Structures are given as C-alpha cells and as structure tokens.
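The values are calculated or read from the model by the stated rules, or taken from the named source; none is laboratory data. Note that the coordinates shown come from a computational prediction; the quantities given were computed from them, not determined experimentally. A quick note on method: Cβ atoms are made from the backbone with ideal geometry, for glycine too, and the neighbour counts reach across all protein chains shown. Side chains are part of the model used for accessible areas, which takes the heavy atoms of the whole protein and leaves out ligands, DNA and RNA. Shrake-Rupley method; radii C 1.70, N 1.55, O 1.52, S 1.80 Å.
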Amino acid sequence: MTTSPLAARPGAVVAEGTTVAAHHGDPLREQRLLAEGAGLVDRSDRDVLTVPGADRLTWLHSLTSQHLERLADGTGTEALVLSPHGHVEHHLVLAELGGTTWADVEPGTGAALQTFLDRMRFMLRVEPALVTADRALLSLVGPRAPEVLAAAGLPAPEAPYAVAALPDGGWVRRMPPLGDGGATAFDLLVPRADLADRADALTAAGAGSAGLDAYEALRVEARRPRLGVDTDHRTIPNELEWLTSAVHLEKGCYRGQETVARVHNLGRPPRRLVLLHLDGVSEDLAAPGTPVLSGAREVGRTGTVVRHHELGVVALALVKQSVAPDAELTVGGARASVDPDDAPAALDDTRAAARDRVRAVRSATIGR
C-alpha cells in the first residue's frame, strides 16, 4: 500500500513502517483537539473487506463470535474470528448497509482474512472481497464532531454502531467514545480516490488535523485493544473488553466457542488487560511485547505505549490475574503501576456494567 495522500502534505510526519501520518507537528496538542474539539485522523491504512450475497449474515454468524444473522440494515458491531482453541485470529468492525456487510480490520490482516473466508464459502451465496485499494477509512473524533459533520452536510448517527449511507457509496458509522472523557467518534468510509477531497471538506467544516498518535493515546486511555499489538498468539476474548463488545455469550456454536464459554462460566481468564502508568524517565517508549516484570519474574507483556497529554506515559498490558493492584512492576527498566480502576474488583464491576450496556444495544439492533 502506498503512502496516503494526506501523509504527503506539509507538516505530516509518517512513522517508519506506516502509510499514514503519526502526527502533524504537535502530538499532545492533537490529543487535546480530539478530547476537547474535533480532529480528523487518517486511518486509511486499515484493510477493508466487503461481503455481499444473500447468505452473508447467516454465514458470518456461523464463523464469528458475534450474533449476526439478524443484524439490521444501518447498524454495525464488532466480531472475532477465533482459532479452534479460542485464540483471537481476527478482529472485525462491521457495518451492514444496503445488502452488503463491510468489515474493516487491522492493517495488513485483510488478505489473510479473505483467504480464510474464501475457504469457508462452500456453496453459499457470498462473495467476500478485499477492497482496500478502492476504499479508505477516516475517523472524526471529539465533542464537536457532530457539528462538523452537520456543517459538511453529512449525517451523524446517534446510536453506537449506527451506520448512515453516503452518496458516494460509503458510510458514516458512530463508534463508542474514545478516551476517559468520552470523546465522540465517527468512522467514515470513502472512495480512496476521494480521500483528500473528503478530508478537505471536513477540515473546511471545522475539523483540525490529528495524527494516528493522538488517536492511539485516547484509545489506550479507553482500554480498547488492537489485534497484534495489545494481543499475542495466546490471547482469548475473555482477557479483553472484546468479551462485551465482540462476543455474544448466548450464541451457539462457532469455532473457539467452547474455550470462551468454559473460561466465562468456570473461572477467570489467565490474564487481564490493564492500564499501566510508567515513570516516563526514558525518552524511548517500550515496544509492544516488552515483558512486564515483578522483581525478576515475568508477569505480563505490554501492548501499546503512549505519551498521554494528561496521564503521562501509559501502556496497555496483559498481566496475570495474580498481579496485585499495588504490585511494584517494571517495564524496560521503568517503574510501572496498575491503574486503580483496573484492580480485579473494579474491573469486574466495569465489565458487568459494560455487558449490560452492550446487551441493551444488541436488543435494539438485532431484536434479541
């Protein structure tokens, strides 16, 4: 994939190995823009797939962790493809619109997902296709995001995961809030050829430019994991908030379901996702996969590590359930501590509340 045209504009700084702007000169200011105003983030590095066909929803329902067979037109959700042993292989963010199911996934994972889907087609009426070359994703984030969409003449869906069509064949999808302050978030799917024009229209309507670093900082604050960054080959949904956002616990058979059900019903998962606060002494941020140590003992692994405009250096990490809330930890030589909100008791309460919210949304979207 070639570098995004937005990343080639003056002031944009592209991190090594990426195709979109990491920042536009001031990452912390861009974070505040997303938290307090409205910022436009180029996320066109994500892969995009389409699944048209009369059997698409029942087929995807059988392959993924989510209840999809009655997903209503103009709605979306999240879903996982699991291994036979319940490990997470793919994370999909879905949009159902006009007889087609759209899925955007982590950069570089679309081809593998398409290969898997093609193998599972059999004689069903489905036509999965990788359309990243033709379609691109933008994200508009901040409390003023609905105003910007209105000023640009675009719809602003009100319910989480609601999807509204755009005249160019794309769509706008409302996402769960980012950051602890609940910054409103929308994803916009646009023709890749129109990416620059759409960005210019949103900027003219009042959005500022923000890089992926700012988006990632608010994502970390919201404890929303990324596949392959905050997960490893052993990750099961029960260790993450995906258990509430991407798994339907009352659904029947799908690959990996036995592991999910057993861990959910019989005990806690081996690890939990937490927010770590690091001392921030070093200028270099730890890479994903850096061990989390308690003394000399390895008790977890870091995922995304960011400099947050209010919290300082923080990281998502998968740590063993046995890690005490007040444990003295280190990451790459830096002192680290678990955020108090991620103590096991507080986490259980948060998960219970999140599960209630997700069930309410599902009742409205799939009639269950």
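For the chain, what % of the accessible area comes from carbon and sulfur atoms, probe 1.4 Å? Show your work: numbers first, answer last.
Details: 8120 of 15320 Å².
Roughly 53 percent, rounded to a whole number.
Note on residue 271: accessible area approximately 10 square angstrom, rounded to 10, probe 1.4 Å, nucleic acids and ligands left out. Rounded if a/c is under 1.5, else prolate if a/b is larger than b/c, else oblate: which is the range 201-322, with a ≥ b ≥ c the root eigenvalues of its Cα gyration tensor? Oblate shape, in that a/c is at least 1.5 and b/c is the bigger or equal ratio. Note on the range 140-182: percent of Cα-Cα distances in each 5 Å bin, starting at 0 and stopping at the bin with the largest distance, equals 5, 22, 30, 26, 11, 4, 1.
Put 56, 297, 121, 335 in order of accessible area, highest first, and with a 1.4 Å probe you get 335, 297, 121, 56.
Any idea what diffusion coefficient the range 270-343 gets from Stokes-Einstein, in µm²/s, Kirkwood Rh on alpha carbon pairs, 10 °C, 1.306 mPa s? If you can, show how the numbers build up before the last one.
Working: Rh = 11.9 Å.
The estimated diffusion coefficient comes to 134 µm²/s.
Can you compute the label reach from residue 29? Point 7 Å from Cα along the Cβ direction, backbone N cut-off under 20 Å, restricted to the range 127-153. Of the residues in the range 127-153, 141-145 have backbone N under 20 Å from the label point off residue 29. Scanning the chain for GluC sites (Glu not before Pro) lying in DSSP loops with no more than 16 further Cβ atoms inside 10 Å, the longest uninterrupted stretch between such sites is 159-249.
Starting with the highest mean, order 274-280, 202-208 by the number of other Cβ atoms within 10 Å, averaged over the residues of each peptide.
Result, highest mean first: 274-280, 202-208.
Between residue 328 and residue 283, the simple label model (points 7 Å from Cα in the Cβ direction) yields a spacing of 2.9 nm.
Residues 139, 245, sorted by accessible area with the largest first, give 245, 139 [1.4 Å probe; ligands and nucleic acids excluded].
Counting only helical runs of four or more DSSP H residues, what would the 222 nm mean residue ellipticity of the chain come to if each run contributes -39,500 (n - 2.57) and the total is spread over all its residues?
Working: 9 runs with 92 residues, N = 368.
About -7500 deg cm²/dmol.
The residues of the chain present an accessible area of 42 Å² per residue when probed at 1.4 Å with all protein chains retained. Residues whose amide H falls under 5 Å from that of residue 336, counting only those 5 or more places apart or on a different chain, are 329, 330, 331, with hydrogens built in the peptide plane. Were the residues from residue 250 through residue 264 laid out at 0.36 nm apart, the gain over their Cα-Cα distance would be 3.9 nm.
Measuring between their Cα centroids, the range 9-58 and the range 141-176 lie 15 Å from each other.
Only protein heavy atoms count here; on that basis, with a 1.4 Å probe, residue 90 has an accessible area of about 20 Å². Decide, for the chain, between rounded, prolate and oblate: order the square roots of the alpha carbon gyration tensor eigenvalues as a ≥ b ≥ c, take rounded if a/c falls under 1.5, and otherwise choose prolate if a/b is larger than b/c, else oblate. Judged from the Cα gyration tensor, the chain comes out oblate (a/c at least 1.5, b/c at or above a/b). The listed residues 229, 247 rank as 229, 247 when sorted by accessible area, largest first, using a 1.4 Å probe.
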